[in-house]
């Protein structure tokens with residue numbers, strides 16, 4: 001988890017020019033860090049590459065739009081990292 | 001090529017079977033209204049239209065990959081380099097290679113050449129979205145036939 005978070009936080013800091021020390025596991029990518037959907041594409045690209053996965057952004061967006069999930073479930077960084085860990089585990093299973 | 005109506009690709013030369021790369025061609029016309037302003041007495045292709053040509057090239061590849069189920073929309077242009085002037089009468093070779101296909105987006109590396117010499121290049125990101133309501137998909141399919149897109153191979157009946 002911690003190494004996943006470090007990787008994700010470094011990607012966000014580099015991609016969006018956000019000071020690394022302001023990014024915490026509790027940060028909400030949209031509400032706290034101000035990352036918009038276009039910047040999130042760059043982040044998703046970097047995360048996909050770094051972890052060898054494909055973040056299911058379309059599915060997440062649909063779930064949020066349908067009221068089946070909240071943005072916090074996917075865009076608070078500790079939750080995002082947990083999803084990444086799940087995807088990595090599923091890939092190697 | 002008819003730049004005044006944003007038709008930048010004349011024909012699709014090849015799409016590799018693995019759907020990683022595409023090669024298209026576009027002949028810069030001798031006459032076009034865009035040259036009235038760019039520039040008077042010194043016609044050169046606007047750089048933004050060269051980027052558009054590379055984007056459309058990539059777009060055909062993305063459409064082949066998703067079998068026309070969704071439409072790619074240009075979202076990001078990175079590392080764009082316009083290396084030399086392009087003038088009327090030049091026939092450009094347009095190439096694109098998929099770097100990554102994510103969920104709802106595609107990243108590609110694209111470039112154009114003239115007689116094998118590099119003209120321009122860029123890294124492009126597209127949002128890949130459901131077709132909008134209306135006639136857009138049918139129009140794109142019609143254009144596909146005009147540019148010799150292998151429709152039968154990549155469009156489900």
Discussion item. Considering only residues that are surrounded by fewer than 18 Cβ atoms within 10 Å (Cβ to Cβ) and in contact with a strand residue (DSSP E or B) (Cβ under 9 Å, 6 or more places away or on another chain), which ones fall in the range B:1-24?
Written reply: B:7, B:11, B:13, B:14, B:16, B:19, B:20, B:21, B:23
Discussion item. When the residues of the range B:119-132 are narrowed to those that are buried (at least 22 other Cβ atoms within 10 Å of the Cβ) and within 13 Å of residue B:95 (Cα to Cα), which ends up nearest to the other protein chains (Cβ to nearest Cβ)?
Written reply: B:124
Discussion item. Suppose we filter A:12, A:47, A:43 for residues that are within 26 Å of residue B:129 (Cβ to Cβ), more than 14 Å from every other protein chain (Cβ to nearest Cβ) and part of a helix (DSSP H, G or I); which single one remains?
Written reply: A:12
Practice prompt. Given the conditions (1) surrounded by fewer than 15 Cβ atoms within 10 Å (Cβ to Cβ); (2) over 25 Å from residue B:128 (Cβ atoms); (3) touching a residue at least 24 places away in the same chain (Cβ under 8 Å), report the number of the one that residue A:50 does not fulfil.
Written response: (2)
Worksheet entry | One residue from A:63, A:14 being over 27 Å from residue B:78 (Cβ atoms) and at pLDDT 95 or above | A:63
Worksheet item: Say we look at the range B:100-118 and pick out the residues that are part of a strand (DSSP E or B) and within 14 Å of chain A (Cβ to nearest Cβ); which of these is farthest from residue A:62 (Cα to Cα)?
Response: B:109
Discussion item. Would you confirm, using the coordinates I've provided, whether residue B:78 is away from chain A (no Cβ under 11 Å) and touching a strand residue (DSSP E or B) at 6+ places or on another chain (Cβ under 9 Å)?
Written reply: no
Worksheet item: Checking residue A:38 against (1) surrounded by fewer than 18 Cβ atoms within 10 Å (Cβ to Cβ); (2) more than 11 Å from every other protein chain (Cβ to nearest Cβ); (3) assigned to a helix (DSSP H, G or I), which test does it fail?
Response: (2)
Worksheet item: Can residue B:144 be described as surrounded by 15 or more Cβ atoms within 10 Å (Cβ to Cβ) and touching a strand residue (DSSP E or B) at 6+ places or on another chain (Cβ under 7 Å)?
Response: no
Worksheet entry | Candidates B:92, B:61 - the one that is under 20 Å from residue B:18 (Cβ atoms) and either part of a strand (DSSP E or B) or more than 14 Å from chain A (Cβ to nearest Cβ) (or both) | B:61
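The values are calculated or read from the model by the stated rules, or taken from the named source; none is laboratory data. This structure is a prediction, so every number in the text was calculated from the model and none was measured. FYI the Cβ positions are ideal-geometry reconstructions off the backbone, even for glycines, and counts take in every protein chain you see.
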